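S.K.: Just dropping this structure here.
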Amino acid sequence: MSLSRQQRYVKKMLKQKRCVSCGRPAVGARYCQEHLNADSARKREKLGLKKWRRGHRGRPTIASLNRDEQRAEDYGALGRK
Ligand SMILES: [Zn+2]
């Protein structure tokens, strides 16, 4: 099976860890930061999803996040002593 010109381009970009849209170094698997943001915005629009929100439904509660931060601070304080 032969690949089209565009398919070969995408394959080459993925192999070199470059953005599939613009060719700059990729941050994620296939996009640079700019196109990663554009991709997630597109997905949110298409699937009707909402922006990631701290303590929102299906996410750790804000209380538990604060507790984790507090613990991290405590450990940090212990480490410095
Ligand atoms: Zn890009």
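S.K.: Considering only DSSP states other than H, G, I, E and B, which chymotrypsin sites (Phe, Trp or Tyr not before Pro) in the chain qualify as loop sites with at most 13 other Cβ atoms within 10 Å?
M.R.: Numbers: sites: 9, 31, 52, 75; in loops: 31, 52.
Those satisfying the criteria are 52.
S.K.: Counting only other residues whose beta carbon sits under 10 Å from that of residue 61, what net charge do I get with K and R as +1, D and E as -1? Intermediate results must be reported in sequence, preceding the final value.
M.R.: Details: positive: 54, 59, 67; negative: none.
Overall, the nearby charge balance is +3.
S.K.: Taking amide H positions as placed in the peptide plane 1.01 Å from N, state which residues far from residue 18 in sequence (5 or more) or on other chains have amide H under 5 Å from it.
M.R.: For residue 18, whose amide H was placed from the backbone, the distant partners under 5 Å are 26.
S.K.: Which of 14, 36, 47 moves the most in a Gaussian network model of the chain with Cα springs under 10 Å?
M.R.: Answer for the Gaussian network model of the chain: 47.
S.K.: To continue, here is another question. Please list, in order along the range 44-53, the HN-Hα scalar couplings obtained from phi with the Karplus expression 6.51 cos²θ - 1.76 cosθ + 1.60 (θ = phi - 60°), rounded to whole Hz, x for Gly and Pro.
M.R.: Working through the residues one at a time gives 4, 5, 5, 8, x, 8, 10, 4, 4, 10 Hz.
S.K.: Now for a different question. Measure off 7 Å from each Cα along the Cα-to-Cβ vector at residue 65 and residue 53, then give the distance between these two points in nanometres to one decimal.
M.R.: Taking the two extended label points, one gets 1.1 nm.
S.K.: Using θ = phi - 60° and the Karplus relation 6.51 cos²θ - 1.76 cosθ + 1.60, list the HN-Hα couplings for the range 60-72 in order, rounded to whole Hz, with x at every Gly or Pro.
M.R.: Values, residue by residue: x, 5, 4, 4, 5, 5, 4, 4, 4, 4, 4, 4, 4 Hz.
S.K.: Specify the angular offset, from 0 to 90 degrees and rounded to the nearest 10, of the alpha carbon long axis of helix 5-15 from the longest principal axis of the alpha carbons in the chain.
M.R.: 30 degrees
S.K.: For the range 23-39, what does the Karplus curve 6.51 cos²θ - 1.76 cosθ + 1.60, with θ = phi - 60°, yield as ³J(HN,Hα) per residue in whole Hz, taken in order and with x for Gly and Pro?
M.R.: Per residue, the Karplus-derived 3J(HN,Hα) values read x, 6, x, 7, 8, x, 6, 9, 10, 6, 4, 4, 6, 5, 4, 4, 5 Hz.
S.K.: Hey, another quick one. Test of understanding: in a Gaussian network model of the chain with alpha carbons linked when under 10 Å, which of 67, 44, 18 would top the mean-square fluctuation ranking?
M.R.: Looking only at 67, 44, 18, the biggest GNM fluctuation is shown by 67.
S.K.: What's the local net charge at residue 3, with K and R +1, D and E -1, over the other residues with C-beta under 12 Å away?
M.R.: Its environment carries a net charge of +4.
Quick note: the coordinates plus some simple rules give every number you see, no bench work behind them. Nothing here was measured: the structure is a model prediction, and the numbers come from that model. All Cβ positions, even for glycine, are placed from backbone atoms using ideal geometry, and neighbour counts span all protein chains on display.
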